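**Q** Okay, here's the structure, questions in a sec.
The values are calculated or read from the model by the stated rules, or taken from the named source; none is laboratory data. Small disclaimer: the values here were computed from a predicted structure and weren't measured. Using ideal geometry, Cβ is built from the backbone for each residue, glycine included, and neighbour counts are taken over all protein chains shown.
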Amino acid sequence: MSNAIHTLTVDLADRSYPILIGAGLLGSRELFAAHVPGRDAVLISNTVVAALYAAPLKAALHGRRIIEVVLPDGEQHKTLASASRVFDVLIANRVARDAIVLALGGGVIGDLAGFVAACYQRGIGLVQIPTTLLAHVDSSVGGKTAVNHPGGKNMIGAFHQPLAVIADTDSLHTLPERELRAGLAEIIKYGLICDAEFFAWLEANIDALLARSPAALAHAIYRSCQIKAQIVGRDEREQGERALLNLGHTFGHAIECATGYVEWLHGEAVATGLLIATDMSHRMGALPSSALQRLRALLQRAGLPVDAPRIGAARALDYMRVDKKVQSGRVRLVLLQALGRAVVTGDYPDPTLQDTLTAHFG
């Protein structure tokens, strides 16, 4: 990608904000001067990312008071205990309401730092600085923040929109291969829910994405953020259309919960969840087998898992019933009517769900 900054806007009236996508953004004093107001900045990161990117970011924040909080790496640390640790630091440093939280990292840090920003003194400013592919295309955009609970993923959280998303594509150069592949799952999701042409583009360009082609990554990130920004702009608090973004997540969250948030990366669980949701759509007669085969082939080429852990259908359903899309005791699912067209529905045959869960979870 060139040094050009590609800008998208999440249109939320007086709370609208830019998504800035480009190379070399982390070290830009001008960029952070424009998008990070105030004197105090609270930099929240983890041990892996801080070692790589905290120094250039702090240099770009020259002249500010910086309070740095470095947390352990991993989804298992996205907890109330970790959030409480951050609150302790903020209170000890007498951080005021005009401070800005900078979330430097992947989805775990973005979600946790966003949750802290939403809660501290009833809400302070937040800037998302994603460093993983998954965070670039999904978790940094849209204002969802949360921590996990042993009984369910993202069960404790708030909507808190950032002031800006600053997505430096250079940070993807240091991303481990497994994390890159996990991010591709969320990109594939966007094609499935509303853009069949993008899905076909991914089939044609998956090798380029795995090779970290700057042009391919730039297009995939921009199109993914564009789709999410449009949906969030129409349905900020997930009263309707935004739930489509959870395709594969209800099944995927069951995998993450059952395995203790340790064995599977979020994107890996989503990938398998996408396949399960597509299989159920096929079993209901909405999709031909060729669509299911295309998705399976794409996920496998991306190096993503397609086989769920054999945790048992009953246990999987128990975790799914904790999902935030449950209404009046009914698990609502995101299913496909076609490649590129998804729907949120509680209108499905229970035996079909049972058969699907048995086939995948045992």
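**Q** For the structure I just gave you, tell me whether Glu203 is within 12 Å of the chain's Cα centre (by Cα), outside the structural domain of Ala51 (by TED's automatic domain parsing) and modelled with pLDDT of 95 or more.
**A** Details: within 12 Å of the chain's Cα centre (by Cα): no; outside the structural domain of Ala51 (by TED's automatic domain parsing): yes; modelled with pLDDT of 95 or more: yes.
No.
Condition check ((1) surrounded by 22 or more Cβ atoms within 10 Å (Cβ to Cβ); (2) at positive phi; (3) hydrophobic (A, V, I, L, M, F, W, C); (4) not assigned by TED's automatic domain parsing to the domain that holds His219) across all residues:
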| residue | (1), (2), (3), (4) |
| --- | --- |
| Gly24 | no, yes, no, yes |
| Ala54 | no, no, yes, yes |
| Leu61 | no, no, yes, yes |
| His77 | no, no, no, yes |
| Leu102 | yes, no, yes, yes |
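**Q** Find the strands (runs of 3 or more DSSP E) located wholly in region 98-158 whose residues include 1 or more that are among the hydroxyl-bearing types (Ser, Thr, Tyr) and modelled with pLDDT of 95 or more, and list them.
**A** Those strands (runs of 3 or more DSSP E) span 144-149.
**Q** Please enumerate the residues belonging to region 25-55 that are within 22 Å of the chain's Cα centre (by Cα), over 19 Å from Asp111 (Cα atoms) and not in a helix (DSSP H, G or I).
**A** Leu25, Leu26
**Q** Working only within region 304-318, note down all residues that are assigned to a helix (DSSP H, G or I) and out of contact with any Leu (no Cβ under 7 Å at 6 or more places or on another chain). Spell out the reasoning first.
**A** Filtering region 304-318 down to residues assigned to a helix (DSSP H, G or I) leaves 313-318.
Residues satisfying the conditions are Ala314, Arg315, Asp318.
**Q** Given the structure, is Ala286 surrounded by 15 or more Cβ atoms within 10 Å (Cβ to Cβ) and over 30 Å from His77 (Cα atoms)?
**A** Yes, satisfied.
**Q** When only residues in region 74-112 that are among the polar types (S, T, N, Q) and touching a residue at least 24 places away in the same chain (Cβ under 8 Å) count, which is nearest to Pro37 (Cα to Cα)?
**A** Asn93
**Q** When Leu12 is evaluated against the numbered criteria (1) out of contact with any helix residue (DSSP H, G or I) (no Cβ under 7 Å at 6 or more places or on another chain); (2) among the aliphatic types (A, V, I, L, M); (3) surrounded by fewer than 18 Cβ atoms within 10 Å (Cβ to Cβ), which criterion, by number, is the only one it fails?
**A** (1)
**Q** Take Leu274 and tell me if it is among the hydrophobic types (A, V, I, L, M, F, W, C), buried (at least 18 other Cβ atoms within 10 Å of the Cβ) and part of a loop (DSSP other than H, G, I, E, B).
**A** It is false that Leu274 is among the hydrophobic types (A, V, I, L, M, F, W, C), buried (at least 18 other Cβ atoms within 10 Å of the Cβ) and part of a loop (DSSP other than H, G, I, E, B).
**Q** Within region 74-90, track down each residue that is under 15 Å from Ala118 (Cα atoms) and among the aliphatic types (A, V, I, L, M).
**A** Within region 74-90, Leu80, Ala83, Val86, Leu90 qualify.
**Q** Here is a follow-up. For region 152-191, which positions are under 21 Å from Ile276 (Cβ atoms) and over 16 Å from the mean Cα position of the chain (by Cα)?
**A** Of everything in region 152-191, just one residue is under 21 Å from Ile276 (Cβ atoms) and over 16 Å from the mean Cα position of the chain (by Cα), namely Gly152.
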